[in-house]
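A.B. asks: Got a structure here, written out as structure tokens. Questions coming.
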Amino acid sequence: MNAEERYTPLNWPDHPETQTLEGKNKFLGFWLFLAGETVLFASLFATYLALKDSVPDSSHPLAKDLFNLPLVFAMTMILLTSSITSVYAIYHMRNYHFKKMQAWFVITVLLGAGFLALEIYEFTHYVHEYHFTFGSSAFSSAYYTLVGTHGAHVTFGLCWIIALLVRNAKRGLNLYNAPKYYVASLYWHFIDVVWVFIFTVVYLIGKVG
Amino acid sequence: MNMENEQVKNPNLRAHHDYRRKKSAKEMQVQVVTFALMIFLTIVAFIAVGIGDFSVKFIIPFILLLAVIQVGFQLYYFMHASQKGHELPMFFMYSAVIIAFVTVLAFVTIIWW
């Protein structure tokens, strides 16, 4: 089968992402990678929980002094919305609507960038207002490592999706790039999965004690 | 596939295409409902913490439960794990969840600093 063959909405397969052997391998390999990522984040969460509020003296801020729930709520809503927009993108991919798929991924990227901007604002706010830097306490190191690793994943996800959009802009949809888009959307959802635990375990539980 | 064959098969293709369009439109409706539920669960979690009247022993398990439900929606609907062909991926993910759970449990119970 020629993966770059031109299709029409009529003969486009139901599950284009797993039509070719390469697509099947990407799909399975990517889920294995996500399982590995789950373990990576579990170790960071575990470290954070063990070191939460471990500060050298009372002049250092604790979790409940630091976090600002309205900001975290806004970040959560933006990231959650970017998750449904990438579902729309994959919906249009399965219907062979290349332009609509690209458009929904562009919206996803914009929302992701909005999330990232708020996270950068949050970190600089902590550094300037509370002198809460990476090296100020065991708590701050654990916090920045966990939330920063998530932020790095968001950054990587944005670059990845932008690269796909630009690279395939004139190429259209085929069985060669459909698995690439599909796997990128899985990555984006996984970023949201991690964020659900971050806003619950770090921010909300941080506020209650 | 040459042109002639495609012409012969077209009525079938058309019917299959229409059926598939309807099916994915239905699936998309379910996704939107899932999204609304996820927003709702998030708002409930933030309000429960924002009110600040509940005991810590209640609120922590409660918001963790909301997070687990929300992640289930994300995996099974947004990431399509409820569709067939996801047996091995889910085996990977549940193995990871077991390791994740034990790691976190160890660090919050038997760590000494």
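The values are calculated or read from the model by the stated rules, or taken from the named source; none is laboratory data. Bear in mind that the values here come from a model prediction, so they are computed numbers and not experimental data. For neighbour counting, all protein chains shown are included, and Cβ atoms are generated from backbone atoms with ideal geometry for every residue, glycine included.
A.B. asks: Which condition number in (1) polar (S, T, N, Q); (2) in a helix (DSSP H, G or I); (3) surrounded by fewer than 20 Cβ atoms within 10 Å (Cβ to Cβ) is the one that A:Ser185 fails?
C.D. replies: (3)
A.B. asks: Can you confirm whether A:Ser54 is at pLDDT below 95 and more than 14 Å from chain B (Cβ to nearest Cβ)?
C.D. replies: On the way: at pLDDT below 95: yes; more than 14 Å from chain B (Cβ to nearest Cβ): no.
Criteria not met by A:Ser54.
A.B. asks: Just give me the residues in segment B:57-77 being under 18 Å from A:Ser83 (Cα atoms) and aliphatic (A, V, I, L, M), in sequence order.
C.D. replies: Initially, segment B:57-77 is screened for residues under 18 Å from A:Ser83 (Cα atoms), giving B:66-77.
Within segment B:57-77, B:Leu66, B:Ala67, B:Val68, B:Ile69, B:Val71, B:Leu75 qualify.
A.B. asks: Would you check which residues across segment A:6-20 are among the polar types (S, T, N, Q) and either surrounded by 15 or more Cβ atoms within 10 Å (Cβ to Cβ) or under 30 Å from the mean Cα position of the chain (by Cα) (or both) and list them? Steps first, please.
C.D. replies: Of the residues in segment A:6-20, the ones among the polar types (S, T, N, Q) are A:8, A:11, A:18-20.
Answer for segment A:6-20, where residues must be among the polar types (S, T, N, Q) and either surrounded by 15 or more Cβ atoms within 10 Å (Cβ to Cβ) or under 30 Å from the mean Cα position of the chain (by Cα) (or both): A:Asn11, A:Thr18, A:Gln19, A:Thr20.
A.B. asks: When B:Met79 is evaluated against the numbered criteria (1) over 23 Å from A:Ala46 (Cβ atoms); (2) at the interface with chain A (Cβ under 8 Å from one of its Cβ atoms); (3) surrounded by fewer than 20 Cβ atoms within 10 Å (Cβ to Cβ); (4) not hydroxyl-bearing (Ser, Thr, Tyr), which criterion, by number, is the only one it fails?
C.D. replies: Only one criterion is unmet by B:Met79, namely (3).
A.B. asks: Can you tell me which of A:Ala163, A:Ala89 is free of Cβ contacts under 8 Å to residues at least 12 places away in the same chain, over 30 Å from B:Ile47 (Cα atoms), of a type outside the set (S, T, N, Q) and part of a helix (DSSP H, G or I)? Full working, then the answer.
C.D. replies: Working: A:Ala89 fails: free of Cβ contacts under 8 Å to residues at least 12 places away in the same chain.
The conditions single out A:Ala163.
A.B. asks: Could you run through segment A:29-72 and say how many residues are under 13 Å from A:Lys207 (Cα atoms) and within 18 Å of the chain's Cα centre (by Cα)? Walk me through how you get there before you give the answer.
C.D. replies: Keep residues of segment A:29-72 that are under 13 Å from A:Lys207 (Cα atoms), which gives A:52-53, A:61-70, A:72.
After this cut, where a residue has to be within 18 Å of the chain's Cα centre (by Cα) as well, the list is A:72.
Looking only at that region, the number is 1.
A.B. asks: Of A:Ser141, A:Ser136, which residue is modelled with pLDDT under 95 and under 24 Å from A:Thr47 (Cα atoms)? Please lay out each step first, then the result.
C.D. replies: Values: A:Ser141 fails: modelled with pLDDT under 95.
A:Ser136 is the lone residue from the list that is modelled with pLDDT under 95 and under 24 Å from A:Thr47 (Cα atoms).
A.B. asks: Here's another thing I want to ask about it. Looking at (1) facing chain B (nearest Cβ under 7 Å); (2) buried (at least 17 other Cβ atoms within 10 Å of the Cβ); (3) in contact with a Leu (Cβ under 6 Å, 6 or more places away or on another chain), which is the one condition that is false for A:Ala35?
C.D. replies: The number of the failed condition is (3).
A.B. asks: Are there any pairs, at least 6 apart or on different chains, whose C-beta atoms fall under 6 Å, with the first in segment A:1-30 and among the aromatic types (Phe, Trp, Tyr) and the second surrounded by 12 or more Cβ atoms within 10 Å (Cβ to Cβ) and not in a helix (DSSP H, G or I), and if so, which?
C.D. replies: Matching pairs, first to second residue: A:Trp12/A:Tyr96.
A.B. asks: With the requirement that a residue be closer than 19 Å to A:His189 by Cβ and surrounded by fewer than 15 Cβ atoms within 10 Å (Cβ to Cβ), what does segment A:161-174 give you? Walk me through how you get there before you give the answer.
C.D. replies: Let us first name the residues in segment A:161-174 that are closer than 19 Å to A:His189 by Cβ, namely A:161-165.
The one that is closer than 19 Å to A:His189 by Cβ and surrounded by fewer than 15 Cβ atoms within 10 Å (Cβ to Cβ): A:Ala163.
A.B. asks: Still on this structure: Does A:Phe67 fit the bill of being crowded, with 22+ Cβ neighbours inside 10 Å and not basic (Lys, Arg)? Give the derivation first.
C.D. replies: Numbers: crowded, with 22+ Cβ neighbours inside 10 Å: no; not basic (Lys, Arg): yes.
Judged against the criteria, A:Phe67 is not a match.
A.B. asks: Let me ask something else. Taking B:Gln83, is it among the polar types (S, T, N, Q) and in contact with a Ser or Thr (Cβ under 8 Å, 6 or more places away or on another chain)?
C.D. replies: Details: among the polar types (S, T, N, Q): yes; in contact with a Ser or Thr (Cβ under 8 Å, 6 or more places away or on another chain): no.
Here the answer is no, as B:Gln83 does not meet what is asked.
A.B. asks: Right, next: Of all residues being among the hydrophobic types (A, V, I, L, M, F, W, C) and under 19 Å from A:Asp53 (Cβ atoms) in segment A:174-207, which is farthest from the other protein chains (Cβ to nearest Cβ)? Just the residue, please. Spell out the reasoning first.
C.D. replies: Looking only at segment A:174-207, we keep the residues that are among the hydrophobic types (A, V, I, L, M, F, W, C), and these are A:175, A:178, A:183-184, A:186, A:188, A:190-191, A:193-199, A:201-202, A:204-205.
Within this subset, residues satisfying the condition of being under 19 Å from A:Asp53 (Cβ atoms) are A:197-199, A:201-202, A:204-205.
Working: A:Phe197: 6, A:Ile198: 10, A:Phe199: 8, A:Val201: 8, A:Val202: 11, A:Leu204: 5, A:Ile205: 6 Å.
Across segment A:174-207, the extreme among qualifying residues is A:Val202.
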